[in-house]
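One structure is given below, encoded as structure tokens.
The values are calculated or read from the model by the stated rules, or taken from the named source; none is laboratory data. Keep in mind that what you see is a predicted model, and the values were worked out from it rather than measured. Reconstructed Cβ throughout: ideal geometry from the backbone, glycine too, with neighbour counts over all protein chains shown.
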Amino acid sequence: MAFPLHTYRTLLLALALPALIDAVQGQVGVTTFGIQAKPVIPFRFFDPLTTAERPNVRGEIELDGGFAFGMSVRVGITNAVSLETGIGQIQRRYDFRLMNDTSGYVDGDQVRYVGYEIPITGLVYIRLGEHTWMNAALGFSLDMYPSDVQRDVEQGRIYIFRQNWAQFGVIGNMGVEYRTPKSGTFYLGATFHRPFNDMATADLTYYQPHSFFPYTMRTVLDGSYLTADLRYYFHEDPDKRHRRRTMQ
């Protein structure tokens, strides 16, 4: 007995639909807690070097790396989408240099600028294998800067002070995770973070010998950075959470 062509299409769609849903499945209704460590990568593409100049005097500030760490909470919203938030600390590490073309003076040092972040992102999953998933995330972050920082050298100093104690930024993330049956989830990825406004103002000051008037050069730091993300999420059994809700 022959069936119409549209019947075959309907049967094919019915067979393929469960696999399609399974391919983009997240962990609906499950809340997982995780920890993360994120070394900052000084990627040249994002222009980490900032300069300031006055006659015969030049200053440079360059993002040289850093480290971020914290905790995160992931909540499954649908089979394809999760919501993630948390709190973390970020230490940006800057190299700075002061140069005087007339006297040949060159000196510099390193300074760290600390901030705190509360991100909120939406994640979409694609299944790559039995236990392997890829996800992409986009969202916003509340960035907070608790204090200013200063570092002195022989004939100068750098002073970095915040533009605002809190401001918003945009974050984008992509990575791959391996979900073990009972031992949690291991994640490897990368995140780009860019504040909407400049993060801080930096004053580079050169003290010329035998002069009462210092040379101060002012510039801004936008605070953008790229990280390599290492995360671990503790195991939470979806069936166990379902049984808890059923018993209540």
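Some notes on this structure:
- Checking each residue in the stretch 65-76 for being surrounded by 15 or more Cβ atoms within 10 Å (Cβ to Cβ) and either touching an Asp or Glu at 6+ places or on another chain (Cβ under 8 Å) or aliphatic (A, V, I, L, M) (or both) picks out ALA68, GLY70, SER72, ARG74, VAL75.
- Within the stretch 142-156, the set of residues being assigned to a strand (DSSP E or B) and crowded, with 20+ Cβ neighbours inside 10 Å comprises ASP143, GLY156.
- From the list LEU98, LEU123, the one residue that fits, being in contact (Cβ under 8 Å) with a residue 60 or more places away in the chain and under 27 Å from ILE171 (Cα atoms), is LEU123.
- Scanning the stretch 157-170 for residues that are farther than 23 Å from LEU98 by Cβ, in a strand (DSSP E or B) and not hydrophobic (A, V, I, L, M, F, W, C) gives GLN167, GLY169.
- Which listed residue, of ILE158, ILE118, is among the β-branched types (Val, Ile, Thr) and under 21 Å from LEU230 (Cβ atoms): ILE118
- Residue check for GLU84: modelled with pLDDT of 90 or more, acidic (Asp, Glu) and under 25 Å from ALA200 (Cα atoms): no
- Taking the numbered list (1) buried (at least 17 other Cβ atoms within 10 Å of the Cβ); (2) more than 19 Å from MET71 (Cβ to Cβ); (3) modelled with pLDDT under 95 in turn, TYR159 passes all entries but (3).
- Being out of contact with any Pro (no Cβ under 8 Å at 6 or more places or on another chain), modelled with pLDDT of 95 or more and within 20 Å of LEU123 (Cα to Cα) holds for only one residue in ILE35, ILE77, ILE90, and it is ILE35.
- Tabulated pairs, the stretch 107-118, first modelled with pLDDT under 95, second outside any strand (DSSP E or B) and of a type outside the set (A, V, I, L, M), C-beta under 6 angstrom, 6+ apart or interchain: ASP107/GLU154
- Within the stretch 28-40, residues that are touching a residue at least 12 places away in the same chain (Cβ under 8 Å) sit with their Cβ atoms under 8 Å from residues that are outside any strand (DSSP E or B) and of a type in the set (A, V, I, L, M), at 6+ positions apart or across chains, in these pairs: VAL28/ILE77.
- Counting the residues of the stretch 44-64 that are farther than 13 Å from ARG93 by Cβ, among the hydrophobic types (A, V, I, L, M, F, W, C) and surrounded by 15 or more Cβ atoms within 10 Å (Cβ to Cβ) gives 2.
- Taking every residue in the stretch 184-205 that is under 19 Å from PHE69 (Cβ atoms) and pairing it with any residue that is part of a loop (DSSP other than H, G, I, E, B) and hydrophobic (A, V, I, L, M, F, W, C), at least 6 positions away or on another chain, the pairs with Cβ-Cβ distances below 6 Å are GLY184/PHE234.
- Among residues of the stretch 64-86 that are on the phi > 0 side of the Ramachandran plot, those with a beta-carbon under 6 Å from a residue that is in a strand (DSSP E or B) and among the charged types (D, E, K, R) at least six positions away or on a different chain give the pairs GLY65/ARG93; GLY66/ARG92; GLY66/ARG93.
- Restricting the stretch 43-63 to residues that are free of Cβ contacts under 8 Å to residues at least 24 places away in the same chain and closer than 17 Å to GLY108 by Cβ, the residue that is farthest from the chain's Cα centre (by Cα): LEU49
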